[in-house]
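Undergrad: Following this message is one structure expressed as structure tokens.
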Amino acid sequence: MSLPDELAAGANDRARADHVDALRRYVADHRRLFVLTGAGISTGSGIPDYRDRDGGWKGATPIQHQAFVAQLSMRKRYWARSMAGWPPVARAKPNAGHAALARLGVAGRIEMLVTQNVDGLHEAAGNAGVVDLHGRLDRVICLDCGTRLSRHRVQDMLIEANSTWLHDSDAIRPDGDIELGEVDYERFVVPDCPVCRGILKPDVVFFGGAVPRPVVARAWNGLASAHAVLVAGSSLMVWSGYRFVREAARNGVPVMAVNHGRTRADDLITHKLDDDCVALLAEAID
Ligand SMILES: [Zn+2]
């Protein structure tokens, strides 16, 4: 290591130690936390983030709600990619960041855990009562009759109807979507609802879709009872999460955010730690 590199490494270690101290103090000072997590906590479980350090889009734009509902060709494309992208998401395991928040929950320090992630990893880590703001990828609903199916069952239906379509790749995206090369999506067979032959949709909020009112209401109640907000691994670019930070700031409730890079709410956040949220949570929460 050259001298400048050594100095930089030393500075990074000191920054990490300062961040660990700051997070530890924040958790000690506020008895009941409203915790909001985003893609940054799941990257450590192999589920990549949509946005880069500046909050811009990485790669292709994800599917839009209206296009999915209105166009069979979009549903063919979505389910073809999802069939390939689901197995690695289904296999993903909670990481040290999820485990740290589970410890905090068991210790009775979390008023409410709200996540923008659709992977179910907080629940898998042991957090109870998680508010899944954008739904869950392991569930599928019928848009016509409301029947709910497990994503595992729908995977069997997809494979049965499209035996030659099973691809595997590392290029997964947070919604379980996957990059496939030049493929003929028109040949893909989309299974219908087994009850009413209606349209099946993963039970997640696509871009352009709305978070269900009861889910938002639960989150608002949690925020109203909390003493402080802790944001972990979210750039808060999406309104569904940003609004809680905005409301907290409006009411003088402290907000700490642990995130790599810029967030949309940097001017509202009282304590900003530009750092890896998984490593920091794991170190700071005993
Ligand atoms: Zn149905």
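Undergrad: Looking at the chain, how many pairs of lysines come closer than 27 Å at the Cα, when each pair is eight or more places apart or spans two chains?
TA: 6
Undergrad: Largest first, what is the accessible-area ranking of D5, D192 with a 1.4 Å probe?
TA: Solvent-accessible surface, decreasing: D5, D192.
Undergrad: Which order do you get for H271, H19, H152 if you rank them by accessible area with a 1.4 Å probe, largest at the top?
TA: Solvent-accessible surface, decreasing: H152, H271, H19.
Undergrad: Using a Förster distance of 41 angstrom, determine the FRET efficiency expected from the C-beta separation of L72 and A124, and round it to 0.05.
TA: Values: r = 34 Å, r/R0 = 0.82.
My answer for the efficiency is 0.75.
Undergrad: Using a Gaussian network model of the chain whose springs link C-alpha atoms within less than 10 Å, name the residue from N12, N127, N259 with the highest mean-square fluctuation.
TA: With Cα springs under 10 Å in the chain, the top fluctuation among N12, N127, N259 is at N12.
Undergrad: Is any residue of the stretch 100-134 close enough, with backbone N under 17 Å, to a label point placed 7 angstrom from the Cα of A217 along the Cα-Cβ axis, and if so, which?
TA: 131-133
Undergrad: Any chance you could run the full-extension gain for D192 through S150? It's 0.36 nm times the residue separation minus the Cα-Cα distance, nm to one decimal.
TA: On the way: separation 42, 0.36 × 42 = 15.12 nm, distance 1.40 nm.
Using 0.36 nm per residue and subtracting the Cα-Cα distance, I get 13.7 nm.
Undergrad: Oh, and also: Report the residues of the stretch 239-266 in range of a label on R25: point 7 Å along Cα→C-beta, backbone N strictly under 17 Å from it.
TA: Residues 254-258 fall inside that zone.
Undergrad: May I pose another question? Compute the signed sum of charges (Lys and Arg +1, Asp and Glu -1) over the other residues within less than 12 Å, Cβ to Cβ, of N95.
TA: Its environment carries a net charge of -1.
Undergrad: In whole angstrom, and with the biggest value first, how far do the Cα coordinates of the chain range along each principal axis?
TA: Rounded to whole Å, the extents work out to 56, 50, 31 Å.
Undergrad: So, one more: About the Cα centre of the stretch 71-171, how large is the charge dipole given +1 on each Lys and Arg Cβ and -1 on each Asp and Glu Cβ? Please answer in debye to the nearest 20.
TA: Working: 13 positive and 10 negative charges, 14 e Å.
It works out to roughly 60 debye.
Undergrad: For the chain, can you list the cysteines whose C-beta has no other cysteine C-beta under 4.7 Å from it?
TA: C277
Undergrad: Running a GNM on the chain with Cα contacts under 10 Å, which residue among V255, V215, V89 ends up with the highest mean-square fluctuation?
TA: Fluctuation is largest for V215.
Undergrad: I would also like to ask the following. At 1.4 Å probe size, with every protein chain present, just tell me what the per residue accessible area of the chain comes to in Å². Write out the running numbers ahead of the final one.
TA: On the way: 13280 Å² over 286 residues.
Value returned for the chain: 46 Å² of accessible area per residue.
Undergrad: Helix 72-91 against the longest principal axis of the chain: what's the angle in degrees, Cα atoms only, rounded to the nearest 10?
TA: With rounding to tens, the tilt is 50 degrees.
Undergrad: Oh, and also: How much of the DSSP bridge set in the chain is antiparallel, in percent, rounded to the nearest 5?
TA: Of the beta bridges lying entirely in the chain, close to 30 percent run antiparallel.
Undergrad: Let me ask you something else. Give the angle, between 0 and 90 degrees and rounded to the nearest 10, that separates the Cα long axis of helix 151-161 from the longest principal axis of the Cα atoms of the chain.
TA: Tilt relative to the chain: about 30 degrees.
The values are calculated or read from the model by the stated rules, or taken from the named source; none is laboratory data. Quick caveat: nothing in here was measured; it's all calculated off a predicted structure. Using ideal geometry, Cβ is built from the backbone for each residue, glycine included, and neighbour counts are taken over all protein chains shown. In case anyone asks, the SASA skips ligands and DNA or RNA and just uses the protein heavy atoms, side chains included. Shrake-Rupley method; radii C 1.70, N 1.55, O 1.52, S 1.80 Å.
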